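The values are calculated or read from the model by the stated rules, or taken from the named source; none is laboratory data. What you see is a predicted model, and the numbers here were worked out from it, not measured in a lab. Glycine gets a Cβ as well: all are built from the backbone with ideal geometry, and neighbour counts include every protein chain shown.
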């Protein structure tokens, strides 16, 4: 049986996700704002959750209908035979999103769907599943666009950028699927050297190591589809085993550095938990001290940026240093920077070959890609 599948992703990565979905499933997907859609079966759903580096969630459409009120949504949800999908001993949560002039509070819509699910179970079995808002077994999503409602099952559970390796941190690191998307936008395929000279918690370097070693991003986590009635444990076991058999050491070196000892310690710890520590060379050095033997490769990083005047002045000096270092040590390399500073190329005094709009959460950014050639590419 084929389902209508929605695969969400960070904005700006839709086209790359479309390519990735075809590579994973051989299914053609249609790219839209913030997601792609396709038809597929449960094997496709398992494979996307396991292998997609760019996806945020994988949803399957259960029903769609015309509504004009909260009660209409309740009636639509009661038409679904929920016990076909999961048993009463599973916990669940409902999330609602969208836009409707007649609805003032979307949390009321979530309650209506929740009540409908419970009432269906009570009517059939005189027992209802419990709600768990923090760590549910089953996640249901309802999207309302004026008078159209679509109800989905979330097959992923926790968002797919949560690979299972990240340790707790005080900062807000770039999400794993965005990091992987930036690598894809920069045409990184693991067949060249890589460095992140301001690696922070190591996210971009770890994602590069996953790509270079063919390590599936979902290999070491659990998924909501494992809690559904029709979960095929043997198929899932076979798909995981096949994915594990394809893992191999990277052909080219992956470097990651930062000038803060505590930051490097956290990055190393993350790489250990990701089982990728043997594939990444970590160093605690400032940008200006990087020395790379490889003739070609990709530098990709998420540089610091400031809000206060004192920060901006300090970073302006750093930009000038970076430009010199790139031309001295990384000529013939491609370099990429993700930043919300749209004046970044001007400050770096380099002309980008590409500037790609992407979103880091709700922050609009640009991925600037430069081909570094000694003594050229300079902004006048």
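Annotations for the structure displayed:
- Sole exception among (1) surrounded by fewer than 23 Cβ atoms within 10 Å (Cβ to Cβ); (2) outside any helix (DSSP H, G or I) for residue 243, by number: (2)
- Any hit, the stretch 229-251, residues being in contact (Cβ under 8 Å) with a residue 24 or more places away in the chain, closer than 17 Å to residue 58 by Cα and in contact with a strand residue (DSSP E or B) (Cβ under 9 Å, 6 or more places away or on another chain): no
- Test: residue in the stretch 22-39 that is assigned by TED's automatic domain parsing to the domain that holds residue 145, assigned to a helix (DSSP H, G or I), out of contact with any helix residue (DSSP H, G or I) (no Cβ under 8 Å at 6 or more places or on another chain) and farther than 15 Å from residue 156 by Cα: yes
- Condition met for residue 135 (exposed (fewer than 15 other Cβ atoms within 10 Å of the Cβ) and within 23 Å of the chain's Cα centre (by Cα)): yes
Each row is one residue, and each column tells you yes or no for (1) surrounded by fewer than 19 Cβ atoms within 10 Å (Cβ to Cβ); (2) at pLDDT 95 or above; (3) assigned by TED's automatic domain parsing to the domain that holds residue 194; (4) on the phi > 0 side of the Ramachandran plot.
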| residue | (1), (2), (3), (4) |
| --- | --- |
| 264 | no, yes, yes, no |
| 271 | no, yes, yes, no |
| 275 | yes, yes, yes, yes |
| 288 | yes, no, yes, no |
| 314 | yes, no, yes, no |
| 324 | yes, no, yes, no |
| 332 | yes, no, yes, yes |
| 340 | yes, no, yes, no |
| 347 | yes, no, yes, no |
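- Qualifying residue in the stretch 144-154 (condition: over 14 Å from residue 65 (Cα atoms) and at pLDDT 95 or above): yes
- If the condition is being more than 12 Å from residue 54 (Cβ to Cβ), crowded, with 17+ Cβ neighbours inside 10 Å and in contact with a helix residue (DSSP H, G or I) (Cβ under 8 Å, 6 or more places away or on another chain), then the stretch 167-194 contributes 173, 174, 188, 190, 194.
- Every residue from the stretch 50-64 that is in contact with a strand residue (DSSP E or B) (Cβ under 6 Å, 6 or more places away or on another chain) and either assigned to a helix (DSSP H, G or I) or more than 25 Å from residue 361 (Cβ to Cβ) (or both): 60, 61, 62, 63, 64
- Condition check for residue 27: more than 17 Å from the chain's Cα centre (by Cα) and farther than 29 Å from residue 235 by Cα: no
Matching residues to (1) within 21 Å of residue 55 (Cα to Cα); (2) assigned to a strand (DSSP E or B):
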{"position": "94", "(1), (2)": "yes, yes"}
{"position": "109", "(1), (2)": "no, no"}
{"position": "113", "(1), (2)": "no, no"}
{"position": "136", "(1), (2)": "yes, no"}
{"position": "152", "(1), (2)": "yes, yes"}
{"position": "156", "(1), (2)": "yes, no"}
{"position": "162", "(1), (2)": "yes, no"}
{"position": "165", "(1), (2)": "yes, no"}
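- Top-ranked residue of the stretch 167-196 - restricted to ones that are in a loop (DSSP other than H, G, I, E, B) and modelled with pLDDT of 95 or more, ranked as nearest to residue 228 (Cα to Cα): 175
- Given (1) over 17 Å from residue 140 (Cα atoms); (2) at pLDDT 95 or above; (3) surrounded by 18 or more Cβ atoms within 10 Å (Cβ to Cβ), number of the condition residue 56 does not satisfy: (1)
- Only a single item in (1) at negative phi; (2) outside the structural domain of residue 101 (by TED's automatic domain parsing) is not met by residue 145, and it is number (2).
- Verdict on residue 47 being farther than 30 Å from residue 19 by Cβ, within 30 Å of the chain's Cα centre (by Cα), in a helix (DSSP H, G or I) and modelled with pLDDT of 95 or more: no
- The listed residue being loosely packed, with under 15 Cβ neighbours inside 10 Å, at pLDDT 95 or above and over 13 Å from residue 145 (Cα atoms), out of 115, 89, 107, 72: 89
- Pairs where the first residue, in the stretch 42-53, is under 15 Å from residue 180 (Cα atoms) and the second is at pLDDT below 95 and outside any helix (DSSP H, G or I), C-beta under 8 Å, 6+ apart: none
- When the stretch 349-380 is filtered for residues that are assigned to a loop (DSSP other than H, G, I, E, B) and at pLDDT below 95, the ones remaining, listed by number, are 349, 351, 361, 362, 372, 373, 374, 375, 376, 377, 379, 380.
- Some residue of the stretch 214-222 being surrounded by fewer than 19 Cβ atoms within 10 Å (Cβ to Cβ), at positive phi and within 14 Å of the chain's Cα centre (by Cα): no
- Counting the residues of the stretch 255-267 that are in contact (Cβ under 8 Å) with a residue 12 or more places away in the chain and over 21 Å from the mean Cα position of the chain (by Cα) gives 8.
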